[in-house]
Amino acid sequence: MWKLLRICCALLAAALVLALGGAAEAKIKIAFVTSESGMGDRSFNDMMDQGMKRAVKELDIDYVIIQPRSISEFQPSLARAAAQGFDIIIGSSFDMIKPMQAVAAAFPNQKFGLVDVGPDPVAPNVVSSVTKDWEGSFLVGVIAAKVSKTGTIGFVGGKDIPIIHRFFVGYYYGSKMAKPEVKVLESYSGTFTDPAAGKEYTLALVNQGSDINFAVAGATSAGVIDAAKTSNSFAIGVDSDQNYMAPGHVLTSMVKRVDTQAFDMIKSVVDGSFKGGTVHYYGLKEGGVDAAMDEYNKGLIPDDVLRQVDALRQKVISGEIVVPNYFDLKPGAKEMGTPAIETPPSIANAK
C-alpha cells in the first residue's frame, strides 16, 4: 500500500515537473522591429523598448530587437522574423505599413503589431495603434506661443509626410488658439537619422526670429536640441521625455506613450485577447500623450501658463475643444478644429 502510494506521488511529481517545464518552454517570444533610426535615438524606438522591458518584468516574455538600417530592409526583416515563428512581431514606423501588409499576407497565421500609424486597419492579422499626437502637439503649441518672446515659433519635421503633418497641425492649432498673432514657421529636414541636418534647419529658423522650435524628427531631433543650446533658444522634444538632453533649453517634450501601446499589444497575446484588423487610439483622455514636466524644465514655463494648459487639456478631454487631425481635413478646407481657426496655407494647399 505504502509502496503504491510512493509510486503515485513520484509520478505526480514527475508530471508537475514536466508541466512546469512545458510552461517555461511556452514563454511568449516577441520580435521588435525598429524604424531606420534604430536604438539609441532617445526618441521613438527607445520609448518602444521601455514597453518591451515592462513586458519582460510584468508578463515574463522574451524579446529580440531587429534594427533595419533603411526602409528598404523593412520587408525582408519582417519576413525573416515571421519565418522564425515569434508570437507577435511589433513594428515602429509609419513607413512599415506596406512592408508589413506584404509579409502579413504571406504569413496569415502570424500575429503582427504596428505602433502609431494611420486610422485604417493594416491587415486582418495586424493590430495597430494611433497616438493622438495632434492633441499632445496642441498642448506644446499653446506653451510655445505663450512663452515666446519674439512672437515667432518654429517646427522642424523629419520627412515631409502625412504623419508628421499631424504634429504640425496640432502645434499650429494650439499656438493660434493661445495667441492668434503668433507666427509659426515650418521646416522639414528630409531625414529622421541626421542630427547635423536638424541643427542646420533649426538655426535657419532661429535666424528668422523663431525662439522656440518643436522637433519632430526622430534621431534628427537631437540636432534641434543642440541648436537650442548653441543659439540660446528653446527646443521642444518629441516622443520620449527629452528635457534632460539640454536642461534649461528644452522647454518641454511632447511625450507619446508608445511604450504603453507596445505593452498593450504584447498583453493581448499573453491574455488571448489579440484581435487583428483593429486600430486602438491613445490621446489625452487615455493618457497617451502629454507635455513633459520634470526637474530639467522646472521654472521655464510660468505657473499661469501651466494653469491655462491644464484648463485646455480638460476641454479637449471633455470634447469642448476638438483638435484637428490632419488625416480628417478635407481638401481645400479653409478652417479646422472646434472652435474653428484658419487652416495653415501649407496644409490647405497640399490637401
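Brief remarks follow.
- Any pair with Cβ under 6 angstrom, 6 or more apart, that starts in the range 154-181 at a residue that is touching a residue at least 60 places away in the same chain (Cβ under 8 Å) and within 23 Å of ASP304 (Cα to Cα) and ends at one that is in a helix (DSSP H, G or I) and β-branched (Val, Ile, Thr): GLY174/VAL142; ALA178/VAL142
- Hits in the range 275-318 (condition: buried (at least 19 other Cβ atoms within 10 Å of the Cβ), among the hydrophobic types (A, V, I, L, M, F, W, C) and farther than 19 Å from GLY248 by Cα): LEU284, VAL289, VAL309, LEU312, VAL316
- Leading residue by the ranking (surrounded by the fewest Cβ atoms within 10 Å (Cβ to Cβ)) among those in the range 240-274 that are of a type in the set (Val, Ile, Thr) and closer than 24 Å to ASP41 by Cβ: THR260
- Of all residues in the range 202-234, those satisfying the criterion of being among the polar types (S, T, N, Q) and open to solvent by 20 Å² or more (accessible area, probe 1.4 Å) are ASN207, GLN208, THR230, SER231, ASN232.
- Evaluation of TYR201 against (1) in contact (Cβ under 8 Å) with a residue 40 or more places away in the chain; (2) in contact with a strand residue (DSSP E or B) (Cβ under 6 Å, 6 or more places away or on another chain); (3) closer than 20 Å to GLY337 by Cα (one fails), failing number: (3)
- Listed here are the strands (runs of 3 or more DSSP E) enclosed by the range 96-201 that have at least 2 residues being closer than 27 Å to PRO68 by Cβ and open to solvent by 50 Å² or more (accessible area, probe 1.4 Å), and there are none.
- Test: residue in the range 335-346 that is crowded, with 19+ Cβ neighbours inside 10 Å, touching a Gly at 6+ places or on another chain (Cβ under 7 Å) and either modelled with pLDDT under 95 or assigned to a strand (DSSP E or B) (or both): no
- Single unsatisfied condition, ALA246 versus (1) closer than 25 Å to GLU295 by Cβ; (2) hydrophobic (A, V, I, L, M, F, W, C); (3) modelled with pLDDT under 95: (3)
- Residue within the range 162-178 that is modelled with pLDDT of 95 or more and out of contact with any helix residue (DSSP H, G or I) (no Cβ under 8 Å at 6 or more places or on another chain) present: no
- Taking the numbered list (1) under 17 Å from ILE30 (Cα atoms); (2) surrounded by fewer than 23 Cβ atoms within 10 Å (Cβ to Cβ); (3) in contact with a helix residue (DSSP H, G or I) (Cβ under 6 Å, 6 or more places away or on another chain) in turn, GLN67 passes all entries but (3).
- On the stretch given as the range 70-94, residues that are open to solvent by 80 Å² or more (accessible area, probe 1.4 Å) and assigned to a helix (DSSP H, G or I) total 3.
The values are calculated or read from the model by the stated rules, or taken from the named source; none is laboratory data. This is a predicted model, so every value here is computed, not measured. No Cβ is skipped: glycine too gets one built from the backbone with ideal geometry, and neighbour counts run over all protein chains shown. SASA here: full protein model, heavy atoms, side chains in, ligands and nucleic acids out. Shrake-Rupley method; radii C 1.70, N 1.55, O 1.52, S 1.80 Å.
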